Amino acid sequence: MTPKSRARVRTVARLAPVLLAGVMAFAAPGVVNANPVNGPDVASWQHPGGSGIDWFAVRGAGHEFAMVKATEGLGYINPYFVQDALGMRAAGIARGAYHYADVRLSPEAQASYFATTAVAVNGPGGLPPVLDLEDAKGLPPAAVIDWTHRYLNTVQAITGRQPIIYTYPHFWRTAMANTAEFANYPLWIADYNGQNAPGPLPGGWRNWAFWQYTSTGRIAGVNGNVDLNFYSGSMGPIGLYSNSLFGSS
């Protein structure tokens, strides 16, 4: 996510890199396990001065998945997308790609733009495609809700996979009027609450697939701050999505 978008999701106090106590367990759906599945999400901001990410170091530090920004609107492709996507796969990291929505522009065109750019990640062996929805651009909820339906339907028609929605609670409750129309989609929620689970969840969701719990994490292999996330296991073992370039597909 961009620095501007990070500021929007920082609705509660920043969470320092979290080391959750070993006594935690899945006492309820969506509570982080004692041995959580960790992973960063990255964009061009994690390449200061054109520096690369050492994805083998990221994997060696215990991070089993990662999300990378692919596109934004209709005119931006992350210049490090291919480099990072290949690095993730070579390191055996489960990889996903996301599109940063511009709800002023055609949802169908953006869906095609993203799906074409990220086809190698969105297909079998990668995590489902992700829609990053966090800026209404001044449009009313009804218009953003309609845009979201059309975008998701188009991406699913192109890729054959149900997309994941990334958002944060305040945005969903205001810009989306807290609609429950999308509660059947996997949720990637940004909630920097310092607890062992996000919540309460917006929009009728009862569980989360991914939880972005900080934007100021520091991990081996990445220069500077990076968003960090947990995976709940709701879409099956993360290993299903981490085929190596040197393994079977």
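The set of residues in the stretch 45-75 that are among the aromatic types (Phe, Trp, Tyr) and either under 24 Å from Pro237 (Cβ atoms) or not in a helix (DSSP H, G or I) (or both) comprises Trp55, Phe56, Phe65. Does Gly123 satisfy being open to solvent by less than 10 Å² (accessible area, probe 1.4 Å) and either free of Cβ contacts under 8 Å to residues at least 12 places away in the same chain or closer than 24 Å to Phe56 by Cα (or both)? Taking the combined requirement at face value, the residue does not satisfy it.
Every residue, every condition in (1) closer than 15 Å to Val42 by Cα; (2) open to solvent by less than 60 Å² (accessible area, probe 1.4 Å), yes or no:
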residue: Ala90; (1), (2): no, yes
residue: His99; (1), (2): yes, yes
residue: Asp102; (1), (2): no, yes
residue: Glu108; (1), (2): no, no
residue: Ala157; (1), (2): no, no
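Taking the stretch 167-213 as the range and being within 13 Å of the chain's Cα centre (by Cα) and of a type in the set (A, V, I, L, M, F, W, C) as the test, the residues that pass are Leu187, Trp188, Ile189, Ala190, Trp208, Ala209, Phe210, Trp211.
Mind checking which residues of the stretch 70-80 are in contact with a helix residue (DSSP H, G or I) (Cβ under 8 Å, 6 or more places away or on another chain) and open to solvent by 10 Å² or more (accessible area, probe 1.4 Å)?
Leu74, Ile77, Pro79, Tyr80
Note on the stretch 200-216: residues that are surrounded by 20 or more Cβ atoms within 10 Å (Cβ to Cβ) and either farther than 20 Å from Leu187 by Cα or small (Gly, Ala, Ser) (or both) total 3. Against the list (1) in a helix (DSSP H, G or I); (2) open to solvent by 30 Å² or more (accessible area, probe 1.4 Å); (3) modelled with pLDDT of 50 or more, the condition Arg8 fails is (3).
The values are calculated or read from the model by the stated rules, or taken from the named source; none is laboratory data. Computed from a prediction, not measured in an experiment: that's the story for all the values here. Glycine gets a Cβ as well: all are built from the backbone with ideal geometry, and neighbour counts include every protein chain shown. The protein model used for the area step is the full one, side chains on, heavy atoms only, and it has no ligands, DNA or RNA in it. Shrake-Rupley method; radii C 1.70, N 1.55, O 1.52, S 1.80 Å.
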